[in-house]
Every structure is written in structure tokens, then in C-alpha cells.
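The values are calculated or read from the model by the stated rules, or taken from the named source; none is laboratory data. Remember, predicted model here, so these are calculated numbers, not experimental data. Every residue, glycine among them, receives a Cβ derived from its backbone with ideal geometry; neighbour counts consider all protein chains shown. When the accessible area is computed, the model is the full protein with side chains, heavy atoms only, and any ligands, DNA or RNA have been set aside. Shrake-Rupley method; radii C 1.70, N 1.55, O 1.52, S 1.80 Å.
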Amino acid sequence: MLDDVILRFATMLDRLGRATIRAVAEFGFAASLFGQALWWIVMGRARRQPVRLAPIVIQCVEIGIAALPIITVLAATIGLMLAIQGIYTLRTFGAESRVTLGIALSTVREFSPLITGILVAGRSGSALAARLGTMRINQEIDALTVMGISPVRFLVVPPLVAMAVMMPLLTLWADLVGLFAAGLYVSAQLQTSLAAYGDELLNILKLNDFMHGLAKSSIFAALITTVGVVNGASVSGGAEGVGRMTTRSVVHAISAIVITDMVFAFMVTR
Amino acid sequence: MNLKTHENNGTVVVSLAGEIDLEHSPSVRKQLMELMFDRRDVLVDMAQVAYIDSSGIASLVEAYQMARKNATRFVLVAVSQPALRVLQLARLDKVFALADTVEAALAG
Amino acid sequence: MNPVQVKNLDTHYGHRHILKDVSLEVRQGEIFVIMGGSGSGKTTLLNHLLGLLRPSSGSVHILGQDINTIGALAKQELRTKMGVAFQSGALFSSMSVGDNIALPLREHTKLDDTTIGIVTRLKLEVVSLAGFADLMPSELSGGMIKRAAFARAIVMDPKLLFCDEPSAGLDPVVAASIDDLILRLRDAMGMSIVVVTHDLDSAFKIADRICVLDKGEVLALDTADAIRASPNERIQNLLNRRTEEAEIDPDAYLRRLLGEKDEDEDEEPMRDHL
């Protein structure tokens, strides 16, 4: 009886140990991939494999421009939601007129980068994982390698650069749309003008607040790409494996984004 | 690789020799295209070609097509065995105008 | 100098010993067939020849250079001199057939666009796929994908060509035409060609020399005729498609039946590169 319990406990520890080793190995793989990608950006030309602009532009369109409509809708919705909740909550204290402060800071510092990150992770991070996973099981990555073309340079760098460029831009767009949508609701509810709301925003928001959100969105860009690539590259077991890793990449990327967001906010506001 | 040209009765004879590979085919292409732009009749003597790769063949194809457009002559002369095998692989021996010797090409 | 030189190659996958002391060399201009059933280690051997895997011990020299010790730039250079036609074709599904074939030229040479276009279409002519440059790989049949993969493999006029299971999954007529293509390529370009296959008919049709792999060991390495006439029982079994009575290890067999796993057997080695 006791033997049994000890054996089970040992098995559990064994599994836990293996899982930990795998997680550490995966983290190391991610870090090394990210490092290699940066290395190719700097050293590509010297190694006769320059990073080319055309695939980066294609990725920018795919990641950024194509995401504009849905980002616009979601950012406007979040802005409205903040305005509605803000006014409702502050009404308890009779402080509705102070609502702009909350809306402005939470949109620019938190909600815009977060919603953009989650959306891009779902749209482009998963697509990246699926594409690399399909290429892995179809031997396309091996084919690149034996042609003397670095898969990191050819497949990872373009989406990484495109994300790093487009994420802050999308976040900035989400800032503008969210604040505008919130402004429409606030000015209607509090019978003030949109211009007055705008003036208030300009007084409240410092460059620092925008930078806080944009800096986070750059980190999210790196996270989404790396998570997508690592999951895509680790695919095994055919089409089902691709599906599994694609899902995993979305879950991992969103978790990474939310946790990083909290850590970043904690570090920066101390 | 070695490329020499001389004139013979208004026809330019281009003599290729050695290995025509990725490194050298762009210069072959450039020379041939210049002759084509000048609307010259060209014979390419390939007797001394030890090796020619696809990019070299591609340069010959491009020049030949231009010669046909200009209605000038473009003849491959005394094609060496290694070069002929590469032409045959893509059945280009049936496409190019071939001649056994420079004299025969000049006469014909 | 032989284009491929393998010395005492030993490899492991996890704890399993896959290749056991494999030595062979491929001579200039020959068609060398690596033959063996599934599980013989022939795919692993190919991946080592391509420098995709690192051996536990032993060395692989490709065109005179040790593929596991040379620097990254030299390796990149070396790889432009070898072509590989993968079993699945491994065409990039996001690119047209023409772009697939042109990719090595675009990436590795400074050739003019016109020249690249002509070379690309020339290679399509060679593999009898003229006019298919603008199609996507998903629009091709199995045999056409293999042909396109050959066209991409030879676009840089490599000195050394590797073909993984060129006839697998094709009907006999199409398979025979691929064999003819391999023979034509060798005769016209003087390439050295390494073919990995389990297809006996194809092997004897094209091979100058055959290496028979069995359970990770070189069972025989000789000319095609000598292999066919070999008195070795295991080779004859393979040639006559007789299944072998595998020797039974009672301990391992009982453990398998009871569902007890060997330690680490289910652990796949982690990929540490893309």
C-alpha cells in the first residue's frame, strides 16, 4: 500500500522533471531562434544572405494592413466599453466628469497594446505556426537548409521585422480609434463637446504614456513571432500535429502577452 | 574561361574556350548581346569548351532568339562533346543552327 | 577525390543505435543506390549525407569537405554544389513551380532575371514539364511534383545529386520515366548521383553500384550484378521479397506484450534548430 503511494509519487516527480526539462529546452530554443534572427538581420549581407525587403513588405501587409478593419472595430468597442463602465462607476461618487482620465490612461497604457497583441497573436501568430508546421512536415524546411538558404533568415526574419514595425503602428491606431469612440459616448452622456474632450486628453496624456503602450507592443511582437515559430518548428505527427501546435501557439502567445504586460507595468511604474 | 573575337568577311567569330559557368556566363552574355544589338552575323566557335552550365546555355538561347528577331545569323560551330551533351539534354541541338567548321558555316 | 566519403559512421536516435559503423564512398560520375527496407536506416543515412543530422561518431565528406566540421559559410557554398530531390518533392507550397525552381538562382547568384527565367524554363524542359512554370505545386500530380523537385535540384547544375525514393508512390510508367531522367542527367552532366530507394526494379535499372543497408549495417556494397548474384541469404531474401523470420528476444517481447516501456523509448529528441 505504502509502496504503491511512493511509486506513484516517484512517477509523478519523474513526469514533472521531464516536463520541466522540456519547458526549459523549449525556452532555450526560443531564445536561440530570436538571437539567430537578430544575427541574420545584422550579418546577413556579410554572409551573402541579405534579408530582403520584398518578403518583409508582404508580411507587413498581411500582419498589419489586413488586420486594420478588425482592430478598428475592437478598439472602438473597447473605448465605448471603458466610457460606459467609467461613467457608471464614477456616477456613484458623482465624479462622472473625471471619467476622461481613466479612459485615456487605461486605453493608451493597457487596452490598446493588449487587444492589438491578442488579435495579432490570433491572426498572424497562429498563421505563422501553421505555415512553419506544414513546411516542417512537408520537408520544405530541410529543402531550404540543403539549398544553403538559412530557414531563420528566410522564414523567421521577415515576419519578425514586420511584426516589430506593424504592432506599434496598429497599437497607435487602436489608441486613436478607442479614444475617439470613447469621446463620442462621453460627450453625448455628459453634454460636453468632443473638442472639450480632446483638450482634456491633451492635458492628461503625456508622451510617456504612449511610449509605455508602444514599448509593450514591440515586446509583444517579438513574443508572438517567437512563440509561433517555436511551435511551428516543433510540429510532429502530420496534419493533426499542425493543428495542435497552432492552437498551442495561440494559447502560449496570449498567455505570454498578458503576463509580460503585468510584469512590464509593475517594473515601469515602480 | 577565354573569349576571343575576330572578323571574317563581315561575320564575327566568337571563340569560347574553357569552363563557362555561373561566374563567367554573365560576361559571355554581355558580349553576345552587344553583337546582337549591332545586328552582326555571329558564329560561336565552341570547339574548346570544356564545360558549359545552364546559365551559359541560357545566354546562347537569348542571343539566338535576338538574332532570329533581327534576321541575322547566329550559328554554333564545332560544338565540343561536353557542350553538345548539355544541349541534347534539353533537346536544344534541334533548335540551334549548328555547323561543323567555321568554313562550312561561312559558306552556308 | 570521391564526391561522397563516409567513414565509420555511428548514429543514435535517443538511446537507439540507428547506423552501425557505416563506411562507403561514391565515385565520380556514378549512380550509387542505397537500398534497404523500411527501418534499415537508409533515410537516416541520407540525412547525414545532407548534413541535416550530426553523427555520434565517424565522418561524412562531401566533395572533399567534412560537412560536420566546416564553417557555416563553407557549408553554404558546398550546398550550392549539391542538389536534393526529396521524397515528397518538398516544393514550397506558397510559390509557383517556376519560382520554386528559380529560388536557388535568385538567392545564390547575381544572374540577370532574363537568364534566370531561361534557365528555369530550360530545366522544366529537361524534366518534361514545359509550360508548367506558373502553376502552384498543389495543382500538380504526384509524378509532376517529383519532376519539378528534380528540376529544382539540378537548377544550379550541381556536381552531386541526391534523390530520396524517386519512384515511391508513382505508377510503374511514371516511375520508369523518372529512372530514365536520372540516367539522362548523369550522362549529360556527368553528375554523381546518390539514390535512396526500396524499389528493387528501379535500383537494378539505374545503379552502377548498390549499397544494401539492413538494420543500420552495410550488408553488402558492390556492383549491381554482383549484388544480384550474391550468395548471402539476407540479400537474397531482400531481392526475392521474402520476409525474414526475426529473431525473438523473449525478454523484450514479453515486455512489449505487457506494455512496459523501455526507458526513454518514447522520448523524441528535442529539435534544437530550425
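At a glance:
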read-out	value
1.4 Å probe accessible area per residue over segment B:2-107, in Å²	48 Å²
Within 10 Å of each Cβ in C:182-194, the average number of Cβ atoms from other chains	2
Shape call, chain A: gyration tensor on alpha carbons, a/c limit 1.5	oblate
Occluded residues from segment B:35-54, i.e. those whose accessible area drops by 50 Å² or more once the chain is not alone (1.4 Å probe)	B:SER54
Highest to lowest packing among A:180-190, A:19-29, B:60-70, scored as the average C-beta count within 10 Å	A:180-190, B:60-70, A:19-29
Per-residue ³J(HN,Hα) for segment C:176-187, Karplus 6.51 cos²θ - 1.76 cosθ + 1.60, θ = phi - 60°, Hz, x for Gly and Pro	5, 5, 5, 4, 4, 4, 4, 5, 4, 4, 5, 5
Coarse-grained scattering of segment B:2-107 at q = 0.11 Å⁻¹, given as base-10 log I(q)/I(0) from a Debye sum over alpha-carbon atoms	-0.27
Accessible area, probe 1.4 Å, largest first, for residues A:GLU200, B:GLU103	B:GLU103, A:GLU200
Sulfur and carbon atoms: percent of accessible area, chain C [1.4 Å]	48 percent
C:SER94, C:SER40, reordered so the largest accessible area comes first (probe 1.4 Å)	C:SER94, C:SER40
Sequence-distant lysines (8 or more away, or on other chains) whose Cα lies within less than 21 Å of B:LYS30	B:LYS4, B:LYS69, C:LYS110
Karplus (6.51, -1.76, 1.60) ³J(HN,Hα), θ = phi - 60°, over segment C:201-216, in Hz, Gly and Pro reported as x	4, 4, 4, 6, 6, 9, 6, 7, 10, 10, 10, 8, 9, 9, 6, x
Inter-centroid distance (Cα atoms) of segment A:131-160 relative to segment A:72-116, Å	43 Å
List of segment C:93-110 residues, accessible area with partners at least 30 Å² below that of the chain alone (1.4 Å probe)	C:LEU103, C:GLU107, C:HIS108
Values of log10 I(q)/I(0), in the order q = 0.05, 0.12 Å⁻¹, for the protein assembly as shown under a Debye, Cα-only, solvent-free model	-0.35, -1.25
Backbone HN-Hα couplings from phi across segment A:213-222 [Karplus 6.51/-1.76/1.60, Hz, Gly and Pro as x]	x, 5, 4, 4, 5, 5, 4, 4, 4, 5
10 Å Cβ neighbours from other chains, averaged over peptide C:111-121	6
Helix A:157-189 vs. chain A, principal-axis angle (Cα, 0 to 90°, nearest 10)	20 degrees
Solvent-accessible surface ranking, highest first, for A:VAL146, A:VAL258 at 1.4 angstrom	A:VAL258, A:VAL146
Accessible area per residue, Å², chain C with all protein chains present, probe 1.4 Å	46 Å²
Residue-averaged beta-carbon neighbours from other chains (10 angstrom radius) around C:73-79	3
Accessible area buried, both sides summed, chains A and C with 1.4 Å probe, Å²	2900 Å²
Distance from segment C:18-90 to segment A:191-270 (C-alpha centre basis), Å	43 Å
